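Bear in mind these aren't lab numbers, they're just calculated from the coordinates by the rules spelled out. The model shown is predicted, which means the values in this text are computed figures rather than measured ones. Here the Cβ is made from the backbone with ideal geometry for all residues, glycine too, and neighbour counts use every protein chain on show.
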Amino acid sequence: MRAVTRAALATTLLALAPTLAVVALSGPASSHGTMTTPASRVYTCYLEGPESPDTPACQAVVALGGTQPLYDWNEVNIANAAGQHRSIIPDGKLCSANRSKYAGLDLGRSDWKTTTLPASGAYTFRIRATAPHLGSWQLYITRPGYNPATPLRWGDLEASPFLTVTNPAVVDGYYSLSGNIPSGHPGRHLIYMIWQRSDSPEAFYSCADVVIGGTVPSPPASPSASPRPSTSPSAGASPSPSVSPSKSPSTSPSASPTGSYPAWAPGVSYATGTRVTYQGVVYSCRQAHTSLSGWEPATTPALWLAV
């Protein structure tokens with residue numbers, strides 16, 4: 001009788017093996033998110049193209065840690081933070097969450113790409129949610145006199161967050177946090193985001209470089225295309241894709257004298273204001289970037305504006 005039972009159990013487990021394997025692999029590899037409006041450092045560098053970033057700061061990130069941290073832009077996290085952020089993340093390691101994989105994000109540089117914010121008033125901060133979780137978001141602003149050429153320290157931040165939001169709804173893959181631009185902070189600053197899950201001790205972190213006091217906010221860097229697949233460190237990080245978009249050695253296409261525009265194509269470096277045609281419609285580039293398959297103008301309103 002026991003032999004029959006063992007045989008039945010073995011048959012059942014064998015039948016369930018593929019399902020169990022999928023569950024085991026999908027749990028830790030689901031990834032989570034980062035701030036996209038204003039764009040975090042890791043997301044900005046990802047948009048530039050991990051294999052060949054545009055800006056010196058992002059090039060330095062790749063030189064220090066390779067391309068994989070940029071493909072894993074939604075994993076700047078600590079699995080067991082449990083709200084103990086200040087005690088487990090030392091000064092100078094805030095942007096990387098003290099993870100050596102993301103050490104390039106901590107580099108003290110004055111040339112990090114910035115997002116221009118209004119001098120004051122209402123503003124909607126957006127976080128890309130590749131795996132939604134319940135929790136709370138706290139946004140901090142650096143103190144007046146902040147120097148981006150030095151790695152971020154806890155003492156560089158104001159003592160209290162200027163915005164705290166709990167359990168916002170996910171709409172079209174994004175959390176939207178409505179608040180106000182911090183008053184009394186004109187000029188160059190950094191916004192530090194802490195996302196502490198309430199259904200787990202895990203927390204996520206973002207550093208976004210901004211200039212407060214512009215008249216018009218920069219277009220949000222939030223393409224609707226799904227991010228490249230990547231593997232969570234806990235499940236074994238996969239190597240960067242061997243094929244990546246190549247940059248055009250020449251400048252971005254511009255309008256011809258006849259008023260026609262070149263067709264949109266992947267793997268091209270487009271400057272802000274460049275016009276292209278796609279499916280019979282003319283689009284204007286809202287933010288400089290290198291195009292990728294899946295980021296067609298019709299599906300990425302954050303990057304392209306129909307004219």
Efficiency of FRET between Ser284 and Asn147 - r from beta-carbon atoms, R0 35 angstrom, step 0.05: 0.45
Net length gained if the chain between Ser100 and Leu134 were fully extended (0.36 nm per residue, minus Cα distance): 9.5 nm
In nm, spacing of pseudo-spin labels at Ala265 and Ala159 (7 Å Cα→C-beta vector): 5.9 nm
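Determine the sum of side-chain charges near Ala79: Lys and Arg each +1, Asp and Glu each -1, restricted to other residues whose C-beta is under 15 angstrom from that of Ala79. Walk me through the numbers on the way to the answer.
On the way: positive: Arg99, Lys101, Arg197; negative: Asp72, Glu75, Asp199, Glu202.
Neighbourhood net charge equals -1.
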Cα-projected label distance for Thr166 with Ser120, points at 7 Å along beta-carbon direction, nm: 3.0 nm
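Using the crude model of +1 on Lys and Arg Cβ and -1 on Asp and Glu Cβ, and no other charge, please compute the dipole size for region 33-218 relative to its Cα centre, in debye to 20. Show your work: numbers first, answer last.
Numbers: 13 positive and 14 negative charges, 63 e Å.
Dipole about the Cα centre, nearest 20: 300 debye.
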Among Ser198, Gly66, His185 the positive-end extreme of the charge dipole of region 33-218 (Cβ point charges): His185
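Among Val282, Val210, Val307, which comes first, second and so on when ranked by fewest other beta-carbon atoms within 10 Å? Walk me through the intermediate numbers first.
Details: Val282 17, Val210 23, Val307 11.
If I rank by nearby Cβ atoms, fewest first, I get Val307, Val282, Val210.
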Amide N proximity, region 161-194 versus Asp91 label position 7 Å along Cα-to-Cβ, cut-off under 20 Å: 161, 189-193
Of the trypsin sites (Lys or Arg not before Pro) in region 92-186, those whose Cβ has at most 10 other Cβ within 10 Å and which sit in DSSP loop: none
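Within the set of other residues whose C-beta is less than 13 Å from the C-beta of Asn167, count the net charge using Lys and Arg as +1 and Asp and Glu as -1. List each step's numbers first, then the result.
Working: positive: Arg197; negative: Asp199.
Combined, the nearby Lys, Arg, Asp and Glu give 0.
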Burial ordering of Glu158, Glu296, Glu75, fewest other beta-carbon atoms within 10 Å first: Glu158, Glu296, Glu75
